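The values are calculated or read from the model by the stated rules, or taken from the named source; none is laboratory data. All values derive from a computational prediction rather than experimental measurement. Neighbour counts run over all protein chains shown; Cβ positions are idealised from the backbone, glycine included. The area values use the complete protein model at the heavy-atom level, side chains included, leaving out ligands, DNA and RNA. Shrake-Rupley method; radii C 1.70, N 1.55, O 1.52, S 1.80 Å.
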Amino acid sequence: MNQENNLLTTATSSQYRTLFEHQPLAAFLIEADGTIALVNQKFEDISGKKKSEVEGRMRWCQFAHPDDKESLLDAFLDKSRHEVPKMFSARTRLLSANGYKKVYVRANRIPTEDSRVLVQIQELDEEGLLKDYSLEDSDYRWRSFLMEGMDFVVIMDLNGNVLFINKTFTGVPAEEIQGKNFFEVLKTADALKLQSVIARVLSTGNPEAFEEWSSFTGKRSHYYIRISPVTKQGEISAILLAISDTTQQKESDSDRLRRMESQRHRQKLEALGTLAAGVAHEINNPLTGILNYAELVRTQVEENESLSKNMEVIIRESERISGIVRSLLGFAHKEEGIKAHVSTGEILYSSIQLLLPFLVKDGIRIEGMDSLVDPDSEISLVVGEPQKLKQVFLNLITNARDSLNEKYPFETDLKKILVSQSIVQRGDTRFVRVTVKDWGLGIGEENLNRIFDPFFTTKPTTVGTGLGLSVSYEIVREMGGEIEVESSEEEYATFHIMIPASEKIS
């Protein structure tokens, strides 16, 4: 380590420049005052600036987008001292010859007295995801292993014995692993996976990379794993393994895609709301006339049983249309009611009580009801409109009932609905999670992404309008929450209602 630090303290060292130049990604080195001391060829390619224009002449902030400078400034110029290098990552924009490019930045404070910061940059695509990169030079990772702290780096001989490892791995100090067979350190499944990829690298002489959720470094994370041959005089003499923990960026990508999907869904609902209001008003006027005249005719044909029954059908179906129109109007005009601190458990309990006679008649059991009104429960209250929340729960219980009845039109112990609630933590936010699970028909994989779309329904047209889950989704979203679905066709369907918990405890 002392030798590495000596290299790092001399920015003009030709040996250090060689190591730095062969970094796998665009990179630059920042002095404590923000001046860029070194850049590599890949940074030149991305930025459009020559080394002679940048090194010792420009500051990193000259490449940052104006809107991002303040947040990046805190990270780059933190004066605190740490025994280990301080690392951080961010999505930002980099000035290039063609304007600002979206990039993913990983920075590592090098453990030297002058507090230089090594920054690596990877471009993002139009969707904001990391672009793949490949290099013809299969030996660059060997020359970059001295960059302490960026990745887990392991160099093995052709038998798998560890020649070099740069840090503690799977909880075992590096000095204890060096000299051992690396595959004996790993779990069997991970060892077999690596051995198969290494076999291909030895056969082709080309680097390979893959990514997956695994426990390579002792904890369950998402890793990007690169395997390269190390050559000497044209012959492969060793294998270099670089493991990057990409959990943070993977979760960021997932969150971003979820937000994009949520935004698209809201746009659909807003467009539909405008359409629904117009259609509902156009239908409502003639429908009112039909119902009024049908009531008059029914009183005139009471003695004629056949005509009277026909009129009953006309009135019943007209009233069903009227109910759909009211749903449309309620969907289009989201009137704000009175919000209060409410107990999700009590509202779900009362919703079940409303439907209990129908559930009992169908032979459907409700499990977990007592836990909803447990006086010793520490489930937090949520802020919302009680009637709207009840509408969500009524819809979920009704859907579960319909699914069970369709799957089991006879009496069986399998006709049951499980309800529960718990507290879950997502980042800095605590949520009350209300779960409704049934063992009915489930939801086909091809329909999972469509169930919250307005008017989408798998029920017969005489039973469902396709608005229930759309309206429920919008109600929960307005409360700052979300609805998550787990399902297996013909087996079960589970709905999790996630609502931010308030500070007040029930």
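Determine, yes or no, whether R401 is among the basic types (K, R), crowded, with 18+ Cβ neighbours inside 10 Å, touching an Asp or Glu at 6+ places or on another chain (Cβ under 9 Å) and over 21 Å from G384 (Cβ atoms). Break it down into steps so the answer makes sense when it comes.
Details: among the basic types (K, R): yes; crowded, with 18+ Cβ neighbours inside 10 Å: yes; touching an Asp or Glu at 6+ places or on another chain (Cβ under 9 Å): yes; over 21 Å from G384 (Cβ atoms): yes.
Yes: the conditions hold for R401.
Would you confirm, using the coordinates I've provided, whether T274 is at pLDDT below 80 and either out of contact with any strand residue (DSSP E or B) (no Cβ under 7 Å at 6 or more places or on another chain) or surrounded by fewer than 11 Cβ atoms within 10 Å (Cβ to Cβ) (or both)? Break it down into steps so the answer makes sense when it comes.
Working: at pLDDT below 80: yes; either out of contact with any strand residue (DSSP E or B) (no Cβ under 7 Å at 6 or more places or on another chain) or surrounded by fewer than 11 Cβ atoms within 10 Å (Cβ to Cβ) (or both): yes.
So T274 fits the description; yes.
Which count do you get for residues in the stretch 44-58 that are at pLDDT 90 or above and open to solvent by 90 Å² or more (accessible area, probe 1.4 Å)?
Residues flagged as at pLDDT 90 or above and open to solvent by 90 Å² or more (accessible area, probe 1.4 Å) within the stretch 44-58 amount to 2.
For the stretch 379-425, enumerate the residues that are over 15 Å from F495 (Cβ atoms) and of a type in the set (V, I, T).
The answer is I379, V382, V383, T412, I423.
Out of curiosity, is S472 open to solvent by less than 30 Å² (accessible area, probe 1.4 Å), at pLDDT below 90, closer than 24 Å to G368 by Cα and small (G, A, S)? Give the derivation first.
Values: open to solvent by less than 30 Å² (accessible area, probe 1.4 Å): yes; at pLDDT below 90: yes; closer than 24 Å to G368 by Cα: yes; small (G, A, S): yes.
Criteria met by S472.
Out of (1) in contact with a Ser or Thr (Cβ under 7 Å, 6 or more places away or on another chain); (2) open to solvent by 40 Å² or more (accessible area, probe 1.4 Å); (3) among the hydroxyl-bearing types (S, T, Y); (4) over 24 Å from P357 (Cβ atoms), the odd one out for S371 is which?
Unmet for S371, out of (1) in contact with a Ser or Thr (Cβ under 7 Å, 6 or more places away or on another chain); (2) open to solvent by 40 Å² or more (accessible area, probe 1.4 Å); (3) among the hydroxyl-bearing types (S, T, Y); (4) over 24 Å from P357 (Cβ atoms): (4).
Here is a check on your reading of the model: is R91 within 19 Å of A37 (Cα to Cα), touching a Ser or Thr at 6+ places or on another chain (Cβ under 8 Å) and either modelled with pLDDT under 70 or not aromatic (F, W, Y) (or both)?
On the way: within 19 Å of A37 (Cα to Cα): no; touching a Ser or Thr at 6+ places or on another chain (Cβ under 8 Å): yes; either modelled with pLDDT under 70 or not aromatic (F, W, Y) (or both): yes.
Spelling it out, it is not the case that R91 is within 19 Å of A37 (Cα to Cα), touching a Ser or Thr at 6+ places or on another chain (Cβ under 8 Å) and either modelled with pLDDT under 70 or not aromatic (F, W, Y) (or both).
Looking at I423, I417, I397, I443, which one is modelled with pLDDT of 95 or more and not aromatic (F, W, Y)? Outline the logic, then answer.
Details: I423 fails: modelled with pLDDT of 95 or more; I397 fails: modelled with pLDDT of 95 or more; I443 fails: modelled with pLDDT of 95 or more.
Exactly one of I423, I417, I397, I443 is modelled with pLDDT of 95 or more and not aromatic (F, W, Y), namely I417.
Restricting attention to the stretch 411-434, report how many residues are surrounded by fewer than 19 Cβ atoms within 10 Å (Cβ to Cβ), closer than 26 Å to D374 by Cα and polar (S, T, N, Q).
Selection size over the stretch 411-434: 4.
Tell me, yes or no, whether the stretch 303-320 has at least one residue that is farther than 30 Å from V103 by Cβ, modelled with pLDDT under 75 and either surrounded by 11 or more Cβ atoms within 10 Å (Cβ to Cβ) or of a type in the set (S, T, Y) (or both).
To start, the set of residues in the stretch 303-320 that are farther than 30 Å from V103 by Cβ comprises 303-320.
Then drop every residue that is not modelled with pLDDT under 75, which leaves 320.
Those left that are additionally either surrounded by 11 or more Cβ atoms within 10 Å (Cβ to Cβ) or of a type in the set (S, T, Y) (or both): 320.
The answer is yes; a qualifying residue exists.
Could you go through the stretch 443-455 and let me know if any residue there is surrounded by fewer than 18 Cβ atoms within 10 Å (Cβ to Cβ) and β-branched (V, I, T). Before the answer, list the steps.
Taking the stretch 443-455 and keeping what is surrounded by fewer than 18 Cβ atoms within 10 Å (Cβ to Cβ), we get 444-450, 453, 455.
Among the residues that remain, those that are also β-branched (V, I, T) are: none.
Checked the stretch 443-455: no residue is surrounded by fewer than 18 Cβ atoms within 10 Å (Cβ to Cβ) and β-branched (V, I, T).
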